[in-house]
Amino acid sequence: MTSPTLTRPELTAADRCDRCGAAAQVRAVLAGGGELLFCGHHAREHEAKLKELSADIQR
């Protein structure tokens, strides 16, 4: 028997940026398990801080 693996679904047109509501292009998975969705503009703006927090940045 194999154990199930939790995976996050691909981003769709329904996924929106948590900062401005534009279409999400990037998912940042935080070390604590939470996630943030960003448009390209806000992903670039916050990328350094997300890396500092060891977020898994998925494009």
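Observations on the model:
- J(HN,Hα) series, segment 32-41, from Karplus relation 6.51 cos²θ - 1.76 cosθ + 1.60, nearest Hz, glycine and proline x: x, x, x, 9, 10, 10, 9, 6, x, 4
- ALA24 long-range amide H proximity, modeled H, under 5 Å: ASP15, ARG16, CYS17
- The mean sequence distance of close C-alpha pairs (under 8 Å, at least 6 residues apart), as a share of the length of the chain, puts its relative contact order at 30 percent.
- For the chain, the square roots a ≥ b ≥ c of the C-alpha gyration tensor eigenvalues yield an a/c of 1.5 or more together with a/b not exceeding b/c, which makes the shape oblate.
Where a number appears in this text, it was derived from the coordinates with a stated rule and is not lab data. Quick caveat, the model's predicted, so the values are computed rather than measured.
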